[in-house]
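Just below is one structure, and these are the notes that go with it.
Computed from the coordinates by the stated procedures, all read-outs in this text should not be read as laboratory data. All figures in this text were calculated on a predicted structure; none of them were measured in a lab. When we count neighbours, we look across all protein chains shown, and the Cβ atoms used for this are built from the backbone with ideal geometry, even at glycine.
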Amino acid sequence: MNTAILAAWILATMESLAPSSRTPFRDIPETSEHRRARYEDTALAYAEAIAAVPDAGFPFRTRKGGRGELTLAAWVVGVALHESGFLYSVDSGARVGDGGRAWCTMQINLARGKTTAEGWTGKELVADRRKCALSGVAILARHLAACSNLPFADRTSGYASGRCQVGLPAPRRQAHIVAKIFKLPRPKGPAATPATEAPPQLAVPGPKPEARPEAKTEAPVRTDPTTSPWRLFQCPYVLGCQMAEASAS
């Protein structure tokens with residue numbers, strides 16, 4: 001897929017889930033214009049990093065056998081939103097997670113004095129969004145491929161813990177965001193063939209169809225959003241899910 005098209009879709013998805021026009025809760029002050037410019041650069045960095053993943057290690061394929069870049073992009077955005085909320089404080093390195101070990105919007109975990117596989121330190125990751133994206137997307141793609149036999153809700157367990165396992169809360173919250181992303185519009189064109197993996201049925205069902213005059217059957221009952229699968233996973237983290245739920249309302 002064209003990198004510019006993929007970057008545009010990633011940016012639109014970020015704006016849908018965590019609009020740059022809104023002031024994040026307890027973050028470093030910045031204007032909406034600055035936040036929008038930061039989103040644009042981040043989306044392009046993610047798109048370039050996805051394009052850099054080698055074919056041999058690409059975790060998703062389209063029905064025609066191509067690279068499922070949109071599917072990987074959905075997972076990248078979902079994980080980054082859950083991990084950082086796209087906060088300026090996290091993006092700039094003013095806030096470092098996991099006791100000072102998790103860096104940049106992808107929250108790449110580095111023990112003190114350690115570097116990424118590419119040889120980058122945590123400070124280098126926050127100084128250059130492309131380094132953050134390249135390292136984080138490579139790690140995520142590798143774990144998504146390794147954990148491909150797990151249920152959808154546990155696919156990022158390797159990214160969260162270092163090994164494939166079921167039942168961890170963080171991967172399930174990430175998968176919940178990704179399930180919502182799968183419901184958003186995708187770019188049109190021959191290069192945007194949907195991935196083989198069908199989107200999970202976790203989003204709130206849409207409006208019930210109009211009943212035809214001649215139909216005798218009862219119209220389907222609309223699901224109550226407060227008890228729907230959208231509430232399946234709890235969201236204890238501060239920003240990410242609040243923004244996702246706000247955008248759904």
Inset, instruction - Can you tell me the order of 95-107, 130-142 when each peptide is scored by its average per-residue count of other Cβ atoms within 10 angstrom, highest first? - result: 130-142, 95-107
Legend entry - Extension gain from T121 to A51, taking 0.36 nm per residue of separation minus the Cα-Cα distance: 22.9 nm
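Within a 10 angstrom radius of the beta carbon, how do D154, D41, D91 rank from fewest other beta carbons to most? It would help to have the intermediate numbers written out before the result.
Numbers: D154 20, D41 16, D91 25.
Listed from fewest to most nearby Cβ atoms, that is D41, D154, D91.
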Inset, instruction - Pull up all non-local amide H partners of N109: gap of 5 or more, or a different chain, and H-to-H distance under 5 Å with H placed in the peptide plane. - result: W103
